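Working notes for the structure below.
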Amino acid sequence: MSYFPSNSRFIDLISLEVIEVKGNGKQVSLEARWDYPLIHMREGTIIPYQKFGQSMTTNELVSENYIQLLIFSDRHQNAEGTLYVDKDGISLKEISSNTFEYYKITFSENMIRIALADGFETSGKLDKNQIVENITVVDAAMYNDTDFACMFDENMDSTPIVVDYDEEKETLHFLPRHEKEVIELRSIRGIQFGNSREDESFCNPTYVISDIQVDKEGDYANKKVTVKVEATNGDMSSFDAEFYLLKDNLINVDFVPDISPEPFEMPNIVLNSTLYPNRKSFATGDIMSYLNLPKVGENFYFEIH
């Protein structure tokens, strides 16, 4: 018999059986195993661990074993945990010299976020304890229709990763696509996943220019360009990019999302009364002499020179 506290959920780490206690805490009868001890993980928890053999030194754990993450979310699909990483797992000098990494890991809203909470991310060769080999979400039946996943680096650039749902065990797994690709703790900032038919995806945002219009009349004749930009993956909002040549050395850029209802727009004179007075341009040149844009049908970007 084992005692489980009131209003709690625990999962057996071997059988993946969920024990839920509603109301007062109670004793639960558990069947003992010959090969593994009974170990339970409380809901709302993320546990990092390493797979290892029967006899290994600390240095071997650091250099020869990848990190695994195990996630068991609570009733609101939230979870959190922490991970400490250093070079040898032995020396206390790494604490005083700030050459360790202490990460906070959170899980919510189809996102896994990894943030450096303390220490310093090192450069150079990676030890295996700085690489995540596998992320597993247990009790994951609600995510059984997941069909996309990607990871974001420190520049918020996305890279697709493998997502696999195990129907028998009701577990969701995130893995690199191939052996040459790794999930580095020091560069990853998050993982997004979901169902492409229902969930908004930030994994492959591609924006293409559908139209370019240069004002030919009025106060902004040859001083304003409006670029219509379409999101090609269907999940992201399209927008207009409006470029204003205010002075010969100053271009203002507004991004206006194509959403309904239209967002409230603060009067321009309130935003900046010195550089942007009453939407008038003091420039003498042509805006296109300062602005480089791709052609219609090409991916959106801009250069100001």
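The values are calculated or read from the model by the stated rules, or taken from the named source; none is laboratory data. Since the model is a prediction, treat every value here as computed from it, not as a measurement. FYI the Cβ positions are ideal-geometry reconstructions off the backbone, even for glycines, and counts take in every protein chain you see.
Structure values in brief
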{"quantity": "Failed criterion for Phe107 (all others in (1) aromatic (Phe, Trp, Tyr); (2) under 16 Å from Leu172 (Cβ atoms); (3) touching a Gly at 6+ places or on another chain (Cβ under 7 Å) hold)", "calculated": "(3)"}
{"quantity": "Matching strands (runs of 3 or more DSSP E) fully within the range 1-104 where at least 2 residues are more than 19 Å from Ile183 (Cβ to Cβ), among the hydrophobic types (A, V, I, L, M, F, W, C) and under 28 Å from the mean Cα position of the chain (by Cα)", "calculated": "8-12"}
{"quantity": "Positions within the range 41-77 being among the hydrophobic types (A, V, I, L, M, F, W, C), at pLDDT below 85 and in contact with an Asp or Glu (Cβ under 7 Å, 6 or more places away or on another chain), in sequence order", "calculated": "Val62"}
{"quantity": "So Arg113, is it outside the structural domain of His173 (by TED's automatic domain parsing), in a strand (DSSP E or B), at negative phi and of a type outside the set (Phe, Trp, Tyr)", "calculated": "no"}
{"quantity": "Residues being at pLDDT 90 or above and under 17 Å from Tyr244 (Cα atoms) - total across the range 286-301", "calculated": "8"}
{"quantity": "Single residue of the range 167-194 satisfying the filter (under 18 Å from Ile105 (Cα atoms) and polar (S, T, N, Q)) that is surrounded by the fewest Cβ atoms within 10 Å (Cβ to Cβ)", "calculated": "Ser187"}
{"quantity": "The range 195-234: number of residues that are within 19 Å of Ser289 (Cβ to Cβ), modelled with pLDDT of 90 or more and of a type in the set (Ser, Thr, Tyr)", "calculated": "1"}
{"quantity": "Within the range 213-242, considering residues that are closer than 26 Å to Arg113 by Cβ and not in a loop (DSSP other than H, G, I, E, B), the one nearest to the chain's Cα centre (by Cα)", "calculated": "Ala231"}
{"quantity": "Condition met for Ser210 (in a loop (DSSP other than H, G, I, E, B) and touching a residue at least 12 places away in the same chain (Cβ under 8 Å))", "calculated": "no"}
{"quantity": "All positions within the range 1-53 that are without any contact (Cβ under 8 Å) to a residue 12 or more places away in the chain and either surrounded by 12 or more Cβ atoms within 10 Å (Cβ to Cβ) or not small (Gly, Ala, Ser) (or both)", "calculated": "Ser15, Glu17, Glu31, Trp34, Asp35, Pro37"}
{"quantity": "Count of residues meeting criterion [assigned to a strand (DSSP E or B) and of a type outside the set (Val, Ile, Thr)] in the range 137-195", "calculated": "21"}
